[in-house]
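Enquirer: This is the structure I have questions about; it appears just below.
The values are calculated or read from the model by the stated rules, or taken from the named source; none is laboratory data. Keep in mind that this is a model prediction, so the values were computed, not measured. Positions of Cβ are generated from backbone atoms using ideal geometry, with glycine treated the same way; all protein chains shown enter the neighbour counts. Each accessible area value is taken on the protein alone, full model and side chains, heavy atoms only, with ligands, DNA and RNA left out. Shrake-Rupley method; radii C 1.70, N 1.55, O 1.52, S 1.80 Å.
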Amino acid sequence: MVFTKVPAPLGRGGPSLDTTLMPKAALPGGSLTGQLQLLGGNADCDIDRLTLELVAQVGAAPGAGGSASEAVCARFTLPGSFRLGRREQRSLLFDVRLPWETPVTELSGAALDVTLDVRAELTATGTRGRSDLVPLRVAPLPVQDSLLAALDRLGFGFRSARLEHGLIHGTSQRLPLYQVFGLAPAPRHAAVMRELQVTFLANPGGVEVILEADKPDGLFAHGHGLLNRHLVSHGDADRRDWDATAEVWVRQMVASHGHHSLPAPSGPGAARRRARPGRRGAEPTPSTATATDHGPGPVPPADEGAGDPVRGVAGGAQAPAGEPAADVPYDGSPAERGAVTAAPGEGAGQA
């Protein structure tokens, strides 16, 4: 077991706290394990509470201006309180569950330009302080990895990964932010899109995949984007033909620009819509809800049980929980949303 110590004294003469994480990359919805190492100060003190925070650096949406800001994705309260003696050393292991929507920080072992950290906070008699930020590595879920790899094989080269503030209506989104993967268009689609943007919203049963094409001016509907949504179970990661799936999803998005429409999204505050997953078969069955910028209007269900149109992204209010398809259940239990079972976290941003 290898730990990387990050010392952080909590005031002159008071206790100090080190936070260490296991070196292996975590997974969204998986365990975050590590160790808190405490060193007593010049006098005995009562440790009232220990908490962990999952902290992300979130940038402004493209074209919106502004700089990155810190966002607490989740907060975990560790169980127990105790007395820490003068100069006493104590180590505490922790194992908490990350939110399913935890951003990915690496692909195929290569680091992305995404900053995600863990920070510990100690509340003791007469003092309160935080440890330094400790970088957290998060690898993609199999569905995320499979789709991005398939898109790469189809010619959609990776450009960027970024985090944006906002809540997407009509989904089971829990975090106050979401991750967008920007892909260069495949050569055969370069005339109709500037970039393909992929967002994943995971839950215990599956992953909602949101595809958005950023279009050049003058093409399709007034130069705005096209949007498709698909819900995939975790078990489909090794059963689907992902190259065929990705090809069909992109072709549907490009071909459906003339159908009924909703206002197209262009970042936080934009309109988005959810659709149910397609039926499995020899070729992936269309399961797409498309938005173009012809103006508000009814969108016929792309599949049985498709959700109602969604008309915006809230800037700060909680997004209503979505209604996932029956074959992708979501129980929304606190333990599955990243809380520590023994003592749920507190405050805004807990997943």
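Enquirer: Scan around residue 104 for amide H atoms under 5 Å from its own, H built in the peptide plane at 1.01 Å from N, and keep only partners 5 or more places away or cross-chain.
Expert: For residue 104, no residues qualify.
Enquirer: OK, next. Mark the label point 7 Å from the Cα of residue 24 along Cα→Cβ and return the residues of the range 108-142 whose backbone N is within less than 20 Å of it.
Expert: 108-111, 118, 135-142
Enquirer: Contour minus end-to-end for residue 106 and residue 83, with contour as 0.36 nm per residue of separation and end-to-end as the Cα-Cα distance? Walk me through the numbers on the way to the answer.
Expert: Numbers: separation 23, 0.36 × 23 = 8.28 nm, distance 3.97 nm.
Stretched fully, the residue 106-residue 83 segment lengthens by 4.3 nm.
Enquirer: Quick check: residue separation of residue 191 and residue 92 times 0.36 nm, minus the Cα distance between them. What number comes out in nm? Show your work: numbers first, answer last.
Expert: Numbers: separation 99, 0.36 × 99 = 35.64 nm, distance 5.65 nm.
That works out to 30.0 nm of additional length.
Enquirer: Residue 243 to residue 49: extension gain in nm, 0.36 nm per residue of separation minus the Cα-Cα distance?
Expert: Numbers: separation 194, 0.36 × 194 = 69.84 nm, distance 4.93 nm.
Here the segment from residue 243 to residue 49 would lengthen by 64.9 nm.
Enquirer: Sorted by average packing, counted as other Cβ atoms within 10 angstrom per residue and highest first, what order do 174-181, 201-208, 33-40 take? Numbers along the way, then the final one.
Expert: Values: 174-181: 22.8, 201-208: 24.4, 33-40: 19.0.
The peptides rank, most packed first, as 201-208, 174-181, 33-40.
Enquirer: Report the FRET efficiency, 1/(1 + (r/R0)^6), for residue 67 and residue 137, where r is their Cβ-Cβ distance and R0 is 30 Å, rounded to 0.05. Could the numbers behind the result be given before it?
Expert: Details: r = 24 Å, r/R0 = 0.81.
For residue 67 and residue 137, the calculated efficiency is 0.80.
Enquirer: For the range 132-178, what does the accessible surface come to per residue with a 1.4 Å probe? Please give it in Å². Before the final figure, lay out the partial values.
Expert: Details: 1640 Å² over 47 residues.
Result: 35 Å² per residue.
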